[in-house]
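Working notes, structure below.
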Amino acid sequence: MADTQAVTGRVVSGDVDIFYRKFGKPGRTPVLIVHGLSFFSYDWIGVAARLAADREVAAIDMRGFGQSGWSPGRDYKLETLSKDVIAVLDALGWDKAVLMGHSFGGRVCLATAGWNRERASALVCVDFAPDLAPQGRRHVAERIGRQPDVFASVDDAMAYHGETAGDAPRRQRWQEFLRKENRGFVLRRDLHYRDNFKRALEAGQSAPVPAFLWPMLADMTIPALLIRATESDMFDAATLQKALALNPRLKGIELPGSHDLAGDNPEGLADAVTRFLATVKL
């Protein structure tokens, strides 16, 4: 069984500090994991620990999430999120790393690899491609955009997100992702994200995906793996084929599970990434 005990730390980046969990010891090329909009580093402990059998692996909380700081000026631009990734690499002393991102974290990692080619050894996108499936995109907008400021209890937060209160491991997860205040329980995610989706719902329009992401993927020359969850509502099978046709250097696979592959299929996900890294000798 993988050792899930992490060394934790913080890195100052711009107007926030970035929290990370680090596993393993120096060995093969290190891996940096970036979570999605409905997740945080806690969700990646199992996968990170498995990947760390022969290398260092760090999972971060993006700014505005988990135990990382919230930007006073609500600076959550993609360029800023990418700078946070580089700041963590610098602090850990990693000249290069495999950038592994899930969902929105895949967008961050793709952009970081495109803008900082000298820092990325490889790219792994977990249930992410530049085109988002309309059904999943709408589901995320509804769930995040209608989120209340505060929840009366952990059970209420779980119920809002469609979770069963009696599931002990999931309850522990939500206890980690909530902060107790006098008025109730606050989700450890800056309400900036809620407010953006709320405005989009009110306007009947979703924010456009950056136009440069597809060309960036097309130009990718480092080893890159796109992983699609077979039950994903965010990443259509046709989109995976589009990406592979666009750049024959890309590798693409499908794994059983929903969009939350780290929760549904952590062993399969870790095994697939381990095989990919072995194949490209990283």
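Which net charge results for the neighbourhood of ARG119, defined as the other residues with beta-carbon distances under 14 angstrom from its beta-carbon, given Lys and Arg at +1 and Asp and Glu at -1?
Values: positive: LYS83, LYS96, ARG117; negative: ASP84, ASP90, ASP95, GLU118.
Counting the neighbours of ARG119, the net charge comes to -1.
Divide by every residue of the chain the summed helix terms, -39500 (n - 2.57) for each DSSP H run of at least 4, and state the resulting mean residue ellipticity at 222 nm, rounded to the nearest 500 deg cm²/dmol. Mind dumping the intermediate values first?
Numbers: 11 runs with 109 residues, N = 282.
Value at 222 nm, helices only: -11500 deg cm²/dmol.
Spin-label point model (7 Å from Cα, Cβ direction): what's the LYS180 to ASN247 distance in nm?
If labels sit at LYS180 and ASN247, their model points lie 4.6 nm apart.
Which of ASP61, ASP167 comes first, and how do the rest follow, when ranked by fewest Cβ neighbours within 10 Å? Please report the intermediate quantities before stating the final value.
On the way: ASP61 25, ASP167 12.
Going from least to most buried by this count: ASP167, ASP61.
Pull up the cross-link candidates among the lysines for LYS198, meaning alpha carbon to alpha carbon under 22 Å and not fewer than 8 places away within one chain.
LYS77
Order of LEU187, LEU250, LEU269, LEU244 from fewest to most other C-beta atoms within 10 Å? If you can, show how the numbers build up before the last one.
Values: LEU187 23, LEU250 19, LEU269 27, LEU244 14.
Ordered from fewest to most neighbouring Cβ atoms within 10 Å, LEU187, LEU250, LEU269, LEU244 come out as LEU244, LEU250, LEU187, LEU269.
Pick from GLY106, GLY93, GLY66: which residue has the top mean-square fluctuation in a GNM of the chain where Cα pairs under 10 Å get a spring?
Result: GLY93 has the largest fluctuation of those listed.
If you take the charge dipole of the chain about its Cα centre, with +1 on Lys and Arg Cβ and -1 on Asp and Glu Cβ, which of ILE253, PHE104, PRO215 is farthest toward its positive end?
Result: PRO215.
In what sequence do MET100, MET158 fall when counting other Cβ within 10 Å, fewest first? Provide the component values of the computation, followed by the final result.
Values: MET100 28, MET158 21.
Going from sparsest to densest Cβ surroundings: MET158, MET100.
Which residue, HIS192, HIS102, HIS35, has the most motion in a Gaussian network model of the chain that connects Cα atoms within less than 10 Å?
Highest fluctuation of the listed residues: HIS192.
Quick one: if you stick a label point 7 Å off each Cα along the C-beta vector at GLU231 and ASP149, how many nm between them?
If labels sit at GLU231 and ASP149, their model points lie 3.6 nm apart.
Once fully extended, how much extra length lies between LYS198 and TRP70, figured as 0.36 nm per residue of separation less the alpha-carbon to alpha-carbon distance?
Working: separation 128, 0.36 × 128 = 46.08 nm, distance 1.90 nm.
Fully extending the segment from LYS198 to TRP70 adds 44.2 nm.
Give the value in nm², to one decimal: projected area of the alpha carbon convex hull of the stretch 133-208, averaged over all directions.
On the way: hull surface 22.5 nm².
For the stretch 133-208, the mean projected area of the Cα convex hull comes to 5.6 nm².
Quick note: the coordinates plus some simple rules give every number you see, no bench work behind them. All of these numbers come straight from a predicted model, not from anything done at the bench. Positions of Cβ are generated from backbone atoms using ideal geometry, with glycine treated the same way; all protein chains shown enter the neighbour counts.
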